[in-house]
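The block underneath contains the structure these notes are about, expressed in C-alpha cells.
What follows draws every value from the coordinates through simple rules; no lab data is involved. Note that the structure is a prediction, hence the values are computed from the model and not measured. Positions of Cβ are backbone-derived with ideal geometry, glycine not excepted, and every protein chain shown enters the neighbour counts.
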C-alpha cells in the first residue's frame, strides 16, 4: 500500500480569503464614495473672504435627524432648519446659512489645509421649532440689525385691509424681537390671546394680551412691600420706629405676586389687614393663578387684601407642559435717562449693590436671578419693542411720543419684573412710558409672562389677532 501525505483542499479557504478582501475594498469604496464623490454638490454655496482654485475642492454633505445622508439640500418649505451646533467644515472653513437664498455661506478667512484633503462640510438639518420659524420671518438670520426688518404684510380676506405686519428687529444682544405698533405676534395659548415678545436663544417669550387684574407686586406689615422677586434671607434685623419686622437669618419666601403666579405656594399663609386690624394667618396669594382657583389676594398697603377669582383666567393644566422653568433676571434699573442697552445690562447684572447699613434699608439680601415659570415683562422688553423710522433713537428715549410705534404701550400702568434701583419698595411700571410705583400699589395691572419650551412649534395661523398662531409640543413633553 502506498501512503501519500495528506493535503487539505484549499479551494474553500481561498474563496473565503478572496471574499474577505473584496468586502474590505467594497466597504472602503462605499465609505469614500459616501464621504466625497456621491455627495459632491458644489453649486449651492456662497464663498466669502477667500478664493479656491477649483470649486470641486469643496464637498457639501447633508444630514437629517433620522441619520440619512444625501447630496440634496432640503427644500425651503420642508419645515427643516440647519442645526448650527452640529454643522461644520474641515480645513478651518467657517459655515453659516443664508435663510433668504437658502444656501450655505463658506468663510475661507481662516482656511488652513494641512492634510491635502478637500474641504468637507457636514450640514445637519433638524425639524424646525418656533424659534426657528420666527427667525425665518426676519430673512437672513446672520444679519443682526437693530434696524427694523419689515417682513410679510398680512391682509384680510379682501386683500387690501392690513391686519398686521411681521415687523422684527434685533436688540444689541442678538435677541430677535417683535417691534412697532402692529406686529403679527399673536398666539393662541391657554385658550386665550397671548403675544410673542421675541426669540431668546432657543426659547420664545410670551406675554398675555389682557391683564388678570390689579394686584400688589408685594406688600408687608410695615406697609410698602419689598422689591425682591425670589427667595432670599435677611442679613440683619429689620427694625423700624422701634418695631422689629424681620430678624437676621429669617427666610424670605419671595414677592407676593410671584407666589400668586407660580406653583409651590398652595399652603402659603400670612396675616392680612382688613378694617384696621391684622387677622390670624390665612391662605393668601397661594398659587391661585397657576392652579386656576379663587381665594384671597394682596391688593394694597400693609397687607390689605380682597377676594380674587382665577377660575376662568388662570393657567389650564394642559398648557403647563408648554412652559419652560426659566432663569429670570431680577437686577434693578432706573426708568428714565437710560438707554435700552443699559437697561438690559442692569437687569442682568451679577450682583445687586445695596447699602444695607442705611437706616432706610429693609436688610433683605437682593438676588440677581430667579428660576420659575411665570414672571412679568422686563423694562427692557418695553424699550426694545419700539419700532418706527427712528428706532435707534426712540428706544433710548422714555417718551409717550413714540407710543404709536410700540405694541406694548397701554393706557394703564402694568408691573414689570424690574425693581427700582434706589427704592427698596419700588418696582418699574410701563404704560405709554416707563415709570415706577410702590410695590403695594394695586393700580398697576398684571400681565403674566413666560418662556415656551424649546420644543414647541407653530402649526398654523398668521400671527394676526383674528388668526393667531396655533402651537404644539414636539417630542417629549
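Numbers below:
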{"read-out": "Theoretical FRET efficiency, 1/(1+(r/R0)^6), r = Cβ-Cβ of residue 240 and residue 336, R0 22 Å, to 0.05", "value": "0.20"}
{"read-out": "Label-point gap, in nm, between residue 88 and residue 127 - each point 7 angstrom along Cα→Cβ", "value": "2.7 nm"}
{"read-out": "Cα gyration tensor shape for region 343-477, rounded if a/c is under 1.5, else prolate or oblate", "value": "oblate"}
{"read-out": "Rel. contact order, % - alpha carbon contacts under 8 angstrom, at least six apart, region 300-366", "value": "21 percent"}
{"read-out": "Share of pairwise Cα separations in region 434-477, more than 14 Å, in percent", "value": "68 percent"}
{"read-out": "Structure-derived semi-axes √(5λ) of the Cα gyration tensor in Å - corresponding label in (1) 55, 21, 19; (2) 39, 26, 22; (3) 56, 29, 22", "value": "(3)"}
{"read-out": "Simple spin-label estimate for residue 192 and residue 472 in nanometres, 7 Å along Cα-Cβ", "value": "2.5 nm"}
{"read-out": "Mean Cβ count within 10 Å, highest first, over the residues of peptides 436-448, 372-384, 340-352", "value": "372-384, 436-448, 340-352"}
{"read-out": "Spin-label model distance (nm) - residue 210 vs residue 231, 7 Å beyond Cα toward Cβ", "value": "3.5 nm"}
{"read-out": "Pairwise FRET efficiency - residue 248 versus residue 100, Cβ, R0 = 56 Å, nearest 0.05", "value": "0.40"}
{"read-out": "Cα-based Rg of region 199-297 normalised by 2.2 N^0.38 Å, two decimals", "value": "1.25"}
{"read-out": "Taking the chain and dividing mean pair separation by its residue count, relative contact order in percent (alpha carbons under 8 Å, at least six apart)", "value": "15 percent"}
{"read-out": "Computed lengthening from residue 357 to residue 221, 0.36 nm per intervening residue step minus Cα-Cα distance", "value": "46.8 nm"}
{"read-out": "Region 202-280 versus region 318-372: alpha-carbon centroid distance in Å", "value": "15 Å"}
{"read-out": "Cα gyration tensor, region 133-205 - rounded (a/c under 1.5), prolate or oblate", "value": "oblate"}
{"read-out": "Structure-based [θ]222 nm, the chain - -39500 (n - 2.57) summed over DSSP H runs of at least 4, per residue, nearest 500", "value": "-3500 deg cm²/dmol"}
{"read-out": "Burial ordering of 313, 247, fewest other beta-carbon atoms within 10 Å first", "value": "247, 313"}
